[in-house]
Protein chains: 2
Amino acid sequence: MKFIETGRPQLILDEVRCKRNINRMISKASQNNLIFRPHFKTHQSLEIGKWFKEAGVEAITVSSVDMASYFASDGWNDITIAFPFYSGQISALKKLEQTVKLRLFVNSIDQISILSESLHNPFHVIIEIDPGYERSGITYNNLDKINEIIFACDTYSLANFEGFYIHDGRTYQSRSKKDILSHIKPVLKVLKNLKDLYPSSHCIMGDTPSCSILENFDSIDVITPGNFVFYDWMQVNIGSCNLDDVALFCHTPIAQTFENRIILHGGAVYLSKDSISINGQITFGQAIKYDNNEIVKFDDLFINSLSQEHAIAVGNISEIEQMSLLICPIHSCLTANLHSYYLTTTGKLIEKRILS
Amino acid sequence: MKFIETGRPQLILDEVRCKRNINRMISKASQNNLIFRPHFKTHQSLEIGKWFKEAGVEAITVSSVDMASYFASDGWNDITIAFPFYSGQISALKKLEQTVKLRLFVNSIDQISILSESLHNPFHVIIEIDPGYERSGITYNNLDKINEIIFACDTYSLANFEGFYIHDGRTYQSRSKKDILSHIKPVLKVLKNLKDLYPSSHCIMGDTPSCSILENFDSIDVITPGNFVFYDWMQVNIGSCNLDDVALFCHTPIAQTFENRIILHGGAVYLSKDSISINGQITFGQAIKYDNNEIVKFDDLFINSLSQEHAIAVGNISEIEQMSLLICPIHSCLTANLHSYYLTTTGKLIEKRILS
């Protein structure tokens, strides 16, 4: 792979690895009789969406109504909006429902009522369950509230109760496959209990660590992972994947070199300010070597600080002879979100959505 | 101020406060006989640039060659690129030099040679000085290297040595005006020493905390602050400004309410992942009340976690009756960078640059 020195950081996409990740997850879903509705918030690209479509995917998940509109414009017509419904979304949803089967996260009977009175087409109601993570959703043991919503779906003809969604972000604190499993076990138990109580419901789960390593999906009917399409340095450290599975990098020109420090053009507006702590060392990205299609990390070189344009890598720089470094991002969703296109390792430009 | 519920987070700009900040810094520069070259990396907007122009500003600072090209397209013709020059920038600089007086950060004689052989117009050479912050620049006491560059400017006719630039990000660790002063004192001393050695050079300093609170600018000839145009919650905590000076907010719809927790639609892709620690509490933004043109913070309400779309505010929510919250961002540069427009408190849309 040869990079043109363009005088700015670039987002680099390995199409082969990306398609390998897509196909691996599709196979896994199929082998486990799971419905696959991949989350498109990571790549936010119509072009990459087409790769999923060509591989047989028909339904997707997004994280906002705006993002749903973007993908609906390319013909996607079965979209789960994996963020709590609120009434400000109504006018956008009224446009979307004309072409899209909407699957919405609903937390109260008032919301069922607002949606039923505003929309003109049937919509699917998904109850987000909070397994104790304390983000959004209804607490797993609040059966009164869950029953209320399910009963309301019987009352309003447009509202079709579909099932339960769980995203337990605590799997992101894992540092091994064993860790992921120990985080996910109680979540699977919560879903099993719900399945026992509401046998015709779908159980939906989305986090990439669980979807990547689970062999037995138990009560789960639908998976909605997103990050696996690129993976990232956080997922490598969580235990979800190997470095060789990562498909997204930031190409950062070297701006200045010191004895044990490099200034990269690749600050927070290119990588995002997300970080992880590894053995007590905070890091904002991992420098890698991408030779002969093999990905290897630079040992003893840490990106330990970012400002708007600068990334500072400290450590052993004796091996670095080139004019730029490839950085494996900490969190590919946030890194990709900062760019308006991907440049593939074979030189193709792939457009993506930007926030408007 | 009334907000239309648009079903998505919006960046809100208080034009009155923003212009007050601009005029205050212009007056301060003028009263202290300082050249004012404001940094436009914070607002990244041609429209806001015009506000500076109307107030008499003629020269600006930016953080990348791309950003220089953006502002050059609107007629700005005196631009300091406050990031180390590297050779990948040459082709973009060749376009820029046709209309713009370029002030470049140069760290070696090789770079002077590359620039002189590639460009066709005179350019100004600024030596970035590292006062011990250990980001970019030449260490303040490396006089051999500094002399080398200054002598090279005599050799190459296009290269005009202008002076020294210092950005000491350690002022960002301050928590009071006194703290800022104690951080900045050694930096002023470094500049004074350089001024004594090179009396005809300009001393240039840029950080918003110092420019906001200094009464005596000593050896400084040019100031280049950027963040002051909006300020933010970090600057309030540093001691650079009052909450009432902040001009930028994120309007975040409330998506779900719990007993002592609110889920806001306003995650990392709207606010950025930047955070500060206040009394041991990590926070990603400060909820504020904007009534009768007065800005007051919500006490005991902390945004203590962000994911891609979700912001979680925990604490006392008893006062909250509305359907959305205004969040004072931690770091307005990174928050603004995520959006393609500002909505003013009077309902005007102001376009801005997005990364391409």
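If you go through the stretch A:94-144 and keep only what is touching a residue at least 40 places away in the same chain (Cβ under 8 Å) and among the hydrophobic types (A, V, I, L, M, F, W, C), you end up with A:Phe105, A:Val106, A:Ile109, A:Ile112, A:Leu115, A:Ile126, A:Ile129, A:Leu143. Looking across the stretch B:130-167, just one residue is away from every other protein chain (no Cβ under 14 Å), assigned to a strand (DSSP E or B) and either β-branched (Val, Ile, Thr) or more than 29 Å from the chain's Cα centre (by Cα) (or both), and that is B:Ile166.
Every residue, every condition in (1) crowded, with 20+ Cβ neighbours inside 10 Å; (2) over 23 Å from the mean Cα position of the chain (by Cα), yes or no:
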{"residue": "A:Thr252", "(1), (2)": "yes, yes"}
{"residue": "A:Tyr270", "(1), (2)": "yes, no"}
{"residue": "A:Gly280", "(1), (2)": "no, yes"}
{"residue": "A:Lys289", "(1), (2)": "no, yes"}
{"residue": "A:Val296", "(1), (2)": "no, yes"}
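The condition (being among the basic types (Lys, Arg), closer than 19 Å to A:Phe230 by Cα and in contact with a Ser or Thr (Cβ under 8 Å, 6 or more places away or on another chain)) is satisfied by just one residue among A:Lys19, A:Lys28, A:Lys41, A:Lys53: A:Lys41. Which numbered condition trips up A:Thr42, out of (1) under 30 Å from B:Phe83 (Cβ atoms); (2) more than 22 Å from the chain's Cα centre (by Cα)? Result: A:Thr42 passes all but (2).
Residues of the stretch B:256-266 being crowded, with 24+ Cβ neighbours inside 10 Å and either within 27 Å of the chain's Cα centre (by Cα) or touching a residue at least 12 places away in the same chain (Cβ under 8 Å) (or both), which ones? Even if it seems obvious, please write down each step before you answer.
Going residue by residue through the stretch B:256-266, those that are crowded, with 24+ Cβ neighbours inside 10 Å are B:256, B:263-266.
Selection gives B:Ile263, B:Leu264, B:His265, B:Gly266.
Taken together, B:Ser118, B:Ser87, B:Ser113 contain a single residue that is among the small types (Gly, Ala, Ser), more than 19 Å from the chain's Cα centre (by Cα) and within 11 Å of chain A (Cβ to nearest Cβ), which is B:Ser87. From the list A:Pro209, A:Pro186, A:Pro199, the one residue that fits, being free of Cβ contacts under 8 Å to residues at least 40 places away in the same chain, in a helix (DSSP H, G or I) and not assigned by TED's automatic domain parsing to the domain that holds A:Ile276, is A:Pro209. For the stretch B:319-336, a tally of residues being of a type in the set (A, V, I, L, M), within 14 Å of another protein chain (Cβ to nearest Cβ) and assigned to a strand (DSSP E or B) returns 1. Restrict the check to the stretch A:12-35 and report whether at least one residue is within 14 Å of chain B (Cβ to nearest Cβ) and under 28 Å from A:Pro209 (Cβ atoms). Scanning the stretch A:12-35 turns up no residue that is within 14 Å of chain B (Cβ to nearest Cβ) and under 28 Å from A:Pro209 (Cβ atoms). Given A:Phe40, A:Phe3, which one is at pLDDT below 95, within 14 Å of chain B (Cβ to nearest Cβ) and buried (at least 16 other Cβ atoms within 10 Å of the Cβ)? Just a single option satisfies the conditions, and that option is A:Phe3.
Restricted to the stretch B:275-318, and to residues that are among the aromatic types (Phe, Trp, Tyr) and in a strand (DSSP E or B), which residue is modelled with the lowest pLDDT?
From the stretch B:275-318, those among the aromatic types (Phe, Trp, Tyr) are B:284, B:290, B:298, B:302; that's our starting set.
Keeping just the survivors that are in a strand (DSSP E or B) gives B:290, B:302.
Details: B:Tyr290: 90, B:Phe302: 94.
Selected residue: B:Tyr290.
The values are calculated or read from the model by the stated rules, or taken from the named source; none is laboratory data. In this text the structure is predicted, and so the values were computed from the model without any measurement. For neighbour counting, all protein chains shown are included, and Cβ atoms are generated from backbone atoms with ideal geometry for every residue, glycine included.
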